[in-house]
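Asker: For reference, the structure I am asking about is given below.
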Amino acid sequence: MKDVTCKLNGLEKSFGRNHVLRGIDLELRAGEVTALMGANGAGKSTLVKILCGYHFADAGRIELGGVPYAPADAADAISKGVVTVHQSIDDGVIPDLDVATNLTLDRLTEPGVGLFVNDRKLRRQARAVAESMGLTMDVRTRVADLDVADRQMIAIARAMARSPKLLILDEPTSSLSASEADRLFNLIDRLRADGVAILYISHRMSDIRRVADRIVSMRDGAISGVFDTEPLDYTGAVNAMLGHQMTEVDIDPVAGGESVLDARELRLFKDSPSINFTAREGEVIAFTGLLGSGTTELAEVLFGLAEPAEGVLLLDGKAYRPTSATEAVASGVFMSPKDRSVNAVIADFDIADNMTLPFLKAFSRFSFLSERAQRRASRDMIDRIGVKCQSERDGIGTLSGGNQQKVMIGRWLLEDARVLLLDEPFQGVDIGARRDIGKYIRQTAAGRTTLVFVAEIDEALEIADRIIVLNEAMIAGEYVNRDVDLNHLVAAVSGPARMQASGQPLPTSPNQAMA
């Protein structure tokens, strides 16, 4: 039996009448990765915040290394060896500082450092930390100028530099490419061998299969299952998390009606191959590919946030080349962006104000906002998409990540769109909420075309009529979502494969694809 690094007994936490944690008993052992699964609102985030000093427990006891542990704040938790990499990337980095300062910031605040900083020594230390993580960027680069994946890796590297006893990773691969995720997994293997206890929170079964020594499921603030017998019971863990059997999503793919959006000889970059596709009314198309494959760039081009290198876009048969998001929305092209904390959520607004923000004119008369109409529309959407809240007046920050995501998607369903773009709509969302969102997207698909951009293949399979694989900004595969050959699909994601699942050349039109 491995030594217990952190032990929780009878942990309780309430916020007003909301009982969030109910008698949590859990042991986190040295040299072991415990995967924590739970639906949004199950209590995972509250448990993590207690461990890292953001909240105090109402009742119960925590021991770290056999002695009582009750951190006064996050800095106290870190000093005791409990380090957390949060799901919100910028919680782990300071964007306006350079990479070197971010990686060595904790050392600069240690006692005895003095008033003057040896810049050369600091950068040398930073390069050593960066190299240990396989990071190759110039440590003088400002973190705000890095892409999301690099910022995530900097946050993780900063955590590793603290030599943690207990490392908590909250959805750490949500913004990482496959190679970057592999680098993280290799580092986890090394930390596990060094005796670090790791609490790994993820909704991605591929992550959990790769790293977990055991799985703990949470539901409604309590531990609903512990799975530590080899081979691990992944299906049982998901069922314990959901409280019911996980059923397969049964997609009956539709061919769609008239053409809504056409891309002809579209090049995302100067030297990339051309992209051709037709998106039809009533159809849900998933674009999938590894980080850097071009999915995000394509979404940005369609929403007027970026210019294509070449090519033509047609919207309902007419030329469409938006130069801004405002123009796109005016044309009936709506987009729910990824990284909701940066690009979508207004933290100081309540649910109703967040949900109705792009369409305030629709709730106004003679320049006066009708709050009654605004809140009535918000309540209706809350009920339809299944947001768990007390009322539309709740602050957006009181919601779990999955429910915030539902609000962001509900925002763009309040008005009728011709093209609905969803960029990583399931980011940080548990399986249950994912199914809710996917079901509602399909139920409301009539009258528009819906393009969903996802990195996870299982997410594409759960929502789409048709799946288009991008690789290096080119179409590497196209599949009708019926009896898909997963091996072929995975191969297309991993590298160019100009064939469809049947082994035949790609069809030249969606109608041919549906035949």
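Asker: Tell me the angle of helix 401-411 to the major Cα principal axis of the chain, expressed in degrees between 0 and 90 and rounded to the nearest ten.
Answerer: Relative to the chain, helix 401-411 is tipped by roughly 20 degrees.
Asker: Restricting attention to the alpha-carbon atoms of the chain, what are Rg (one decimal) and Dmax (integer), both in Å?
Answerer: 23.8, 73
Asker: As a test, work out the antiparallel percent of DSSP beta bridges whose residues both lie in segment 4-242, rounded to the nearest 5. Intermediate results must be reported in sequence, preceding the final value.
Answerer: On the way: 22 of 40 bridges.
If we restrict to bridges inside segment 4-242, about 55 percent are antiparallel.
Asker: Please express the shape of segment 4-242 as an equivalent ellipsoid: the semi-axes are the square roots of 5 times the eigenvalues of the C-alpha gyration tensor, given largest first in whole angstrom. Intermediate results must be reported in sequence, preceding the final value.
Answerer: Details: eigenvalues 189, 87, 50 Å².
Taking √(5λ) for each eigenvalue gives 31, 21, 16 Å, largest first.
Asker: Report the convex hull volume per residue for segment 364-493, counting only C-alpha atoms, in Å³. The partial results should precede the final answer.
Answerer: Values: hull volume 18.3 nm³, N = 130.
Cα-based convex hull of segment 364-493, divided per residue, equals 140 Å³.
Asker: May I ask you to compute the full-extension gain from D383 to S163, defined as 0.36 nm times their residue separation minus their alpha-carbon distance, rounded to one decimal in nm? Mind showing how you got there, number by number?
Answerer: Values: separation 220, 0.36 × 220 = 79.20 nm, distance 4.60 nm.
Contour length minus the Cα-Cα distance gives 74.6 nm.
Asker: Would you mind checking K80/K121; K7/K338; K7/K439; K270/K406; K270/K338 for any pair whose Cα atoms are more than 28 angstrom apart?
Answerer: Working: K80/K121 26 Å; K7/K338 36 Å; K7/K439 40 Å; K270/K406 36 Å; K270/K338 25 Å.
Correct reply: K7/K338; K7/K439; K270/K406.
Asker: How tilted is helix 371-385 with respect to the longest principal axis of the chain? Cα atoms for both, answer in degrees (0 to 90, nearest 10).
Answerer: The answer is roughly 80 degrees.
Asker: Separation between the S14 and D76 pseudo-spin-labels, each 7 Å from Cα along Cα→Cβ, expressed in nm?
Answerer: Result for the modelled spin labels: 2.4 nm.
Asker: Return the FRET efficiency for the residue pair K439, S206: r is the Cβ-Cβ distance, R0 is 25 Å, and the value is rounded to the nearest 0.05. Before the final figure, lay out the partial values.
Answerer: Numbers: r = 23 Å, r/R0 = 0.91.
It comes out at approximately 0.65.
Asker: How many percent of DSSP beta bridges within the chain run antiparallel, rounded to 5?
Answerer: Details: 44 of 80 bridges.
In the chain, approximately 55 percent of DSSP beta bridges are antiparallel ones.
Asker: Also, I was wondering about something else. Taking the number of other C-beta atoms within 10 Å as the exposure measure, put Y69, Y54, Y479, Y200 in order starting with the fewest. Mind showing how you got there, number by number?
Answerer: Details: Y69 21, Y54 16, Y479 27, Y200 24.
In increasing order of surrounding Cβ atoms, one gets Y54, Y69, Y200, Y479.
Asker: Can you give me the distance in nm between label points at K318 and L105, each placed 7 Å from the Cα along the Cα-to-Cβ direction?
Answerer: 4.9
Asker: Please determine, in degrees from 0 to 90 and to the nearest 10, the orientation of helix 148-160 with respect to the longest principal axis defined by the Cα atoms of the chain, where the helix direction is its Cα long axis.
Answerer: Around 10 degrees separate the two axes.
Asker: When only Cα pairs under 8 Å and 6 or more residues apart are kept, what is the percent relative contact order across the chain? Can you show the working numbers first?
Answerer: On the way: 1030 pairs, mean separation 78.0, N = 515.
Relative CO of the chain lands at 15 percent.
Asker: To continue, here is another question. Can you tell me the length gained on complete extension of the stretch A306 to D147, counting 0.36 nm per residue apart and subtracting the Cα distance? Write down the numbers at each step before the final one.
Answerer: Working: separation 159, 0.36 × 159 = 57.24 nm, distance 1.57 nm.
Stretched out fully, the A306 to D147 stretch lengthens by 55.7 nm.
Asker: Something else now. Please give the length that would be gained between S370 and D485 if that part of the chain were fully extended, namely 0.36 nm times their separation in residues minus their C-alpha to C-alpha distance (nm, one decimal).
Answerer: Values: separation 115, 0.36 × 115 = 41.40 nm, distance 5.15 nm.
That works out to 36.2 nm of additional length.
Asker: A further question follows. Just add up the charged neighbours of M335: K/R +1, D/E -1, any other residue whose Cβ is under 9 Å from the Cβ of M335. Can you show the working numbers first?
Answerer: Numbers: positive: none; negative: E300, D423.
Once positives and negatives cancel, what remains is -2.
Asker: Also: Take every Cα-Cα distance within segment 348-416, group them into 5 Å bins from 0 onward, and report for each bin the whole-number percent of pairs it holds.
Answerer: Going out from 0 Å in 5 Å bins, segment 348-416 shows 3, 20, 33, 25, 13, 5, 1, 0 percent.
Asker: Tell me, what is the percent relative contact order of segment 348-416, built from C-alpha pairs under 8 Å that lie six or more residues apart? Don't jump to the answer; show the numbers that get you there.
Answerer: Details: 69 pairs, mean separation 30.7, N = 69.
Across segment 348-416, relative contact order equals 45 percent.
Quick note: the coordinates plus some simple rules give every number you see, no bench work behind them. Nothing here was measured: the structure is a model prediction, and the numbers come from that model. Methodologically, a virtual Cβ is constructed for each residue, glycine included, from the backbone with ideal geometry; neighbour enumeration extends over all protein chains shown.
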